Amino acid sequence: MNLHFDTRLAEGYKSASQIARVLTENWMGTNVYCPNCGCKPINKAPNNRPVQDFLCSQCDEQFELKSKNGKSAGKMVNDGAYQTMIERIQADDNPNFFFLSYRKADYSVQQLMLVPKHFMTADMIVRRKPLPETAKRAGWVGCTINISRLPESGKILLVNQARIVEPEQVHEQWNANLFLRKQKSASKGWLLAIMKCIERLPEKFDLKQIYEFEKQLAVQFPENNHIKDKIRQQLQILRDQNVIEFSARGQYRKITI
């Protein structure tokens with residue numbers, strides 16, 4: 001994997017956004033492999049496909065690319081039309097997301113983070129204010145992706161701090177949470193929330209410790225009046241999927257990859 005863009009491709013372009021698009025899309029199509037099956041390279045998707053930039057010709061996984069100048073994706077990433085994004089996130093063939101961060105000074109890749117589609121939920125898509133009447137696209141509503149809602153297990157790094165992560169490690173992280181694809185949207189939201197809470201606990205924890213997140217979860221899921229029951233239910237699912245293990249009555253231990 002070459003961590004530098006081919007800047008020759010930018011010759012003739014004046015728009016900064018066009019230059020970034022040409023360079024990042026070419027780099028992705030030349031260097032990045034499919035995390036699901038390992039096929040390389042992934043292919044550029046046909047034009048005018050909403051929220052779909054790349055396809056794997058071997059396993060048909062879809063990928064959307066978001067890129068920015070900087071060291072990392074950060075907590076919030078600007079995106080396109082709100083309604084289009086919501087529809088794609090909730091579709092049966094929703095895409096995985098690549099977040100590419102690069103250093104403009106030398107056009108070198110600093111971070112490439114993959115968020116598998118089974119970690120993406122509608123509540124991560126934040127609606128922006130409509131454009132004012134004076135704007136060229138008056139009334140248009142954009143969105144922002146709130147990455148901070150993700151548990152760390154939903155952030156798979158292929159490049160970290162300008163260093164390439166071994167593909168074997170990427171593939172192992174990818175496989176670890178595929179069970180989420182079988183979960184319905186409502187259930188998945190709860191599982192991701194509990195996984196994020198567990199990340200803040202020590203390796204060994206008990207019910208009392210995770211119950212401390214009850215108020216936080218009540219705000220996140222105001223329609224649920226039985227938060228503790230729901231917590232226990234999600235812990236059972238995570239135990240069955242080998243994310244955590246039951247060590248004694250009311251006591252658990254994280255299982256690391």
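The values are calculated or read from the model by the stated rules, or taken from the named source; none is laboratory data. It should be emphasised that the depicted structure is a prediction, and the values quoted were computed from it without experimental measurement. Neighbour counts run over all protein chains shown; Cβ positions are idealised from the backbone, glycine included.
Does Q62 count as out of contact with any His (no Cβ under 6 Å at 6 or more places or on another chain) and more than 27 Å from R103 (Cβ to Cβ)? I'd like the intermediate steps shown before the answer.
Numbers: out of contact with any His (no Cβ under 6 Å at 6 or more places or on another chain): yes; more than 27 Å from R103 (Cβ to Cβ): yes.
For Q62, the condition - out of contact with any His (no Cβ under 6 Å at 6 or more places or on another chain) and more than 27 Å from R103 (Cβ to Cβ) - is met.
Within the stretch 21-41, does at least one residue satisfy the condition of being surrounded by 14 or more Cβ atoms within 10 Å (Cβ to Cβ), under 20 Å from the mean Cα position of the chain (by Cα), within 18 Å of D106 (Cβ to Cβ) and β-branched (V, I, T)?
yes
Would you check if there is a residue in the stretch 198-213 being under 21 Å from the mean Cα position of the chain (by Cα), within 30 Å of R127 (Cβ to Cβ) and not aliphatic (A, V, I, L, M)? Spell out the reasoning first.
Within the stretch 198-213, the subset under 21 Å from the mean Cα position of the chain (by Cα) is 198-200.
Still in the running and within 30 Å of R127 (Cβ to Cβ): 198-200.
Subset that is not aliphatic (A, V, I, L, M): 199-200.
The answer is yes, given that some residue of the stretch 198-213 is under 21 Å from the mean Cα position of the chain (by Cα), within 30 Å of R127 (Cβ to Cβ) and not aliphatic (A, V, I, L, M).
When only residues in the stretch 101-125 that are modelled with pLDDT of 95 or more and of a type in the set (A, V, I, L, M) count, which is nearest to Q90 (Cα to Cα)?
Filtering the stretch 101-125 for residues that are modelled with pLDDT of 95 or more and of a type in the set (A, V, I, L, M), the one nearest to Q90 (Cα to Cα) comes out as V115.
Can you pull out every residue in the stretch 219-257 that is aliphatic (A, V, I, L, M), in contact with a helix residue (DSSP H, G or I) (Cβ under 6 Å, 6 or more places away or on another chain) and loosely packed, with under 15 Cβ neighbours inside 10 Å?
If the condition is that a residue be aliphatic (A, V, I, L, M), in contact with a helix residue (DSSP H, G or I) (Cβ under 6 Å, 6 or more places away or on another chain) and loosely packed, with under 15 Cβ neighbours inside 10 Å, then I257 is the only one that fits.
Which of (1) surrounded by fewer than 18 Cβ atoms within 10 Å (Cβ to Cβ); (2) in contact with a helix residue (DSSP H, G or I) (Cβ under 7 Å, 6 or more places away or on another chain); (3) more than 23 Å from F179 (Cα to Cα); (4) acidic (D, E) does D79 not meet, given it meets every other one?
(1)
Residues are listed down the side, and each one gets a yes or a no for (1) within 22 Å of Y33 (Cβ to Cβ); (2) touching a residue at least 60 places away in the same chain (Cβ under 8 Å):
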position: K129; (1), (2): no, no
position: T134; (1), (2): no, no
position: A138; (1), (2): no, no
position: G142; (1), (2): no, yes
position: I145; (1), (2): no, yes
position: I156; (1), (2): yes, yes
position: V165; (1), (2): yes, no
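Pull out all pairs, ordered by first then second residue, where Cβ-Cβ is under 6 Å, the residues are six or more apart or on different chains, the first lies in the stretch 167-181 and is within 12 Å of P116 (Cβ to Cβ), and the second is part of a helix (DSSP H, G or I).
Going by the 6 Å Cβ cut-off, the qualifying pairs are N177/S153; L180/H118; L180/K188; R181/H118.
What pairs come up if the first residue lies in the stretch 59-85 and is more than 14 Å from P95 (Cα to Cα) and in contact (Cβ under 8 Å) with a residue 24 or more places away in the chain, the second is part of a loop (DSSP other than H, G, I, E, B) and not basic (K, R), and their beta carbons are under 6 Å apart, counting only those six or more places apart or on different chains?
Going by the 6 Å Cβ cut-off, the qualifying pairs are Y82/V141.
I'd like to verify a number: residues in the stretch 142-154 that are under 12 Å from M120 (Cβ atoms) and not small (G, A, S), how many?
To start, the set of residues in the stretch 142-154 that are under 12 Å from M120 (Cβ atoms) comprises 145-147, 149-150, 154.
After this cut, where a residue has to be not small (G, A, S) as well, the list is 145-147, 149-150.
Residues that pass the stated criteria total 5.
Scan the stretch 1-20 residue by residue and report those that are in a helix (DSSP H, G or I), within 23 Å of the chain's Cα centre (by Cα) and surrounded by 13 or more Cβ atoms within 10 Å (Cβ to Cβ). Spell out the reasoning first.
Residues of the stretch 1-20 that are in a helix (DSSP H, G or I), as a first pass: 7-10, 16-20.
Add one more test, that the residue is within 23 Å of the chain's Cα centre (by Cα), and what stays is 17, 20.
Within the stretch 1-20, just A20 meets the criteria.
Just checking, which of I147, I156, I164 is closer than 27 Å to R103 by Cα and either among the basic types (K, R) or modelled with pLDDT under 95 (or both)?
Checking each option against the conditions leaves just I147.
Which residue pairs have Cβ atoms under 7 Å apart, sit 6 or more places apart or on different chains, and have a first residue in the stretch 3-19 that is farther than 24 Å from R163 by Cβ and modelled with pLDDT of 90 or more and a second that is not hydrophobic (A, V, I, L, M, F, W, C) and not in a loop (DSSP other than H, G, I, E, B)?
Every condition considered, the pairs that remain are L9/N26.
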